């Protein structure tokens, strides 16, 4: 299957700072990527859909000014958590849609964010 | 509203035995795809198997197979010859209607394979 990377795998930051997480499709071009948040022992919660060259589409209840998404190229999407607070601590996962397999998403390994 | 229900929060199986994880869903679409993803302790989401709804033949990937019953809106995953490495959370998922690119995930089933 297709490979998606995510960087960093974990990050610790101070409250009030911003953190950027990168998501890359390594062996295919992804016009559409997705950002999820996962709380412990829970399922994935979709935060936003990222489309290359256009604005991201955020799910209801997700603050677009806090979670900035940029999809500047066909292989890279970034999620920036701005002015992070302890409640933003979570596991963030990205995925990329395979252009050859309809509706199929391949996932990155995730990023654990801890805000002190 | 589109829903995916996994009614078994936790299951366990002995190594080398067979286990079936259940998933039911609700949709008004006639053609769609269904997925099972696995999330081991590393938390990397891995695509296990994919089923096209218009295909009557059940998908199979090595030891993993599905029992897809479209009329009943049921999509169960069978794992044969269970291995310790199969220990993971398993999520059923499918796209909501209207050509959306998103996936709706079930709450997951935690599978433990015992030696």
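In Å, the Kirkwood hydrodynamic radius of the stretch A:40-116 over pairs of distinct alpha carbons?
By the Kirkwood definition, the hydrodynamic radius is 13.7 Å.
In whole angstrom, and with the biggest value first, how far do the Cα coordinates of the protein assembly as shown range along each principal axis?
Principal-axis extents of the Cα atoms in the protein assembly as shown, largest first: 50, 40, 33 Å.
How much space per residue, in cubic angstrom, does the convex hull of the C-alpha atoms of chain B take up?
Roughly 94 Å³ of hull volume per residue.
Run the numbers on the stretch B:15-115 and let me know its relative contact order in percent, using alpha-carbon pairs under 8 Å that are six or more apart.
Relative contact order of the stretch B:15-115: 33 percent.
State whether the stretch A:1-77 is rounded, prolate or oblate according to the following rule on the C-alpha gyration tensor (a ≥ b ≥ c being the square roots of its eigenvalues): a/c under 1.5 gives rounded; otherwise a/b larger than b/c gives prolate, and the remaining case gives oblate.
Here the stretch A:1-77 falls in the rounded category.
May I ask you to derive the relative contact order of chain A, considering only C-alpha pairs under 8 Å and at least 6 residues apart, and to give it as an integer percent?
About 37 percent, as a whole number.
Which residues does a label at residue A:17 reach in the stretch A:93-116, if reach means a backbone N under 18 Å from a point 7 Å past the Cα toward the Cβ?
A:111-116
Return the Rg/Rh ratio of the stretch B:37-104 with Cα-based radii and a Kirkwood Rh.
Result: Rg/Rh = 0.98.
Average partner chain C-beta neighbours within 10 Å, per residue of A:44-54?
Neighbouring Cβ atoms belonging to other protein chains average 2 per residue here.
So in chain A, what percent of DSSP beta bridges are antiparallel if you round to the nearest 5?
Taking every DSSP beta bridge with both residues in chain A, the antiparallel ones total about 90 percent.
Between B:90, B:33, B:25, where does the largest GNM mean-square fluctuation fall for chain B, given springs only between Cα atoms within less than 10 Å?
Of B:90, B:33, B:25, the Gaussian network model singles out B:33 as fluctuating most.
Every read-out reported here was derived from the displayed coordinates using simple, explicitly stated rules and does not represent laboratory data. These figures come from a predicted structure and were not determined experimentally. Don't worry about glycine lacking a Cβ; one is built from the backbone with ideal geometry, like all the others, and counts go over all protein chains shown.
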